[in-house]
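Novice: Mind having a look at this structure? Questions to follow.
Read-outs: derived from the displayed coordinates by stated rules, not from any lab. Model, not experiment: these values are computed from the prediction. Please note: Cβ atoms are built from the backbone with ideal geometry, for glycine as well, and neighbour counts cover all protein chains shown.
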């Protein structure tokens, strides 16, 4: 079984309403969809890299939301949402429902219109899924590897690599430290919370790889 990391940019007419709103606000730049319910009962848990007021404004674009609970945490806001409909276009929902692959959380939505996610399955099924998705969006394969139940601790995304490079450049890892997360965010041109999250995930991957390879 293989694990493939995809990055896709959908045309505007295939964007989810909250993803479209994400691109229109300066206060939230990223959303990690952590848990989603089955297609018949739509319940989701998502983390946003912005304050609760900004996230509440994002969900004003989701007409199907019947209940939203926003909780600050981890430098951003968690949103537990009940919806009557996913509000994704049918062509995307059909592809997700019918493809014989599974998706590993999180699914990350960026304010530049991109979506990053990982899928697991047999290589031929992943290839078919990739081909069908490429008919709907501009798709890039970022990583391909063997799936194991402990995940892929050694994998670091391009954005996480850029965050580590920026951190080294500003002196974040100097002893004593001469630069902070704000300096990293300035170099990456992103929110401080986003820079912090990128660094935490990259550091977690590097440390797990080191400890497990000894």
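Novice: At q = 0.15 Å⁻¹, what log₁₀ I(q)/I(0) does segment 5-63 have when each alpha carbon counts as one equal point scatterer in the Debye sum?
Specialist: With no solvent term, the Cα-only Debye profile gives -0.49.
Novice: Checking the a/c ratio against 1.5 first, then a/b against b/c, what shape does the Cα gyration tensor give for segment 74-147?
Specialist: Values: a/c = 1.71, a/b = 1.37, b/c = 1.24.
Prolate, because a/c is 1.5 or more and a/b exceeds b/c.
Novice: So if we plug the beta-carbon distance of residue 122 and residue 186 into 1/(1 + (r/R0)^6) with R0 = 45 Å, what FRET efficiency do we get, rounded to 0.05? Numbers along the way, then the final one.
Specialist: Working: r = 44 Å, r/R0 = 0.98.
Result of the calculation: an efficiency of 0.55.
Novice: Using Cα pairs under 8 angstrom and six or more residues apart, how large is the relative contact order of segment 119-209, in percent?
Specialist: Numbers: 68 pairs, mean separation 23.1, N = 91.
RCO, segment 119-209: 25 percent.
Novice: Cα convex hull of segment 3-122: how many Å³ per residue?
Specialist: 100 Å³
Novice: What distance in nm lies between label points placed 7 Å from Cα along the C-beta direction at residue 36 and residue 177?
Specialist: Rounded to a tenth, the inter-label distance reads 3.5 nm.
Novice: Separate question: When the chain is fully extended, how far beyond the present Cα-Cα distance does residue 20 get from residue 43, taking 0.36 nm per residue of separation?
Specialist: Going from the current span to full extension adds 6.3 nm.
Novice: Using a basic spin-label model with each label point 7 Å from the Cα along Cα→Cβ, how many nm lie between residue 53 and residue 144?
Specialist: About 4.8 nm, to one decimal.
Novice: Still on this model: With only alpha-carbon atoms counted, please give the Rg and Dmax of segment 158-213, in Å.
Specialist: Over segment 158-213's Cα set, Rg and Dmax evaluate to 11.2, 34 Å.
Novice: Continuing with the same structure: If you take the Cα atoms of segment 107-146, find Rg, then find the Kirkwood Rh from the mean of 1/r over all pairs, what is Rg/Rh? It would help to have the intermediate numbers written out before the result.
Specialist: Working: Rg = 10.9 Å, Rh = 11.3 Å.
Expressed as Rg/Rh, it is 0.97.
Novice: What percent does the relative contact order of segment 2-146 come to when contacts are Cα pairs within less than 8 Å and at least six residues apart?
Specialist: Contact order relative to length: 37 percent.
Novice: Tell me, in nm to one decimal, what length is gained between residue 82 and residue 200 on full extension, where the rule is 0.36 nm per residue of separation less the Cα-Cα distance?
Specialist: 39.6 nm
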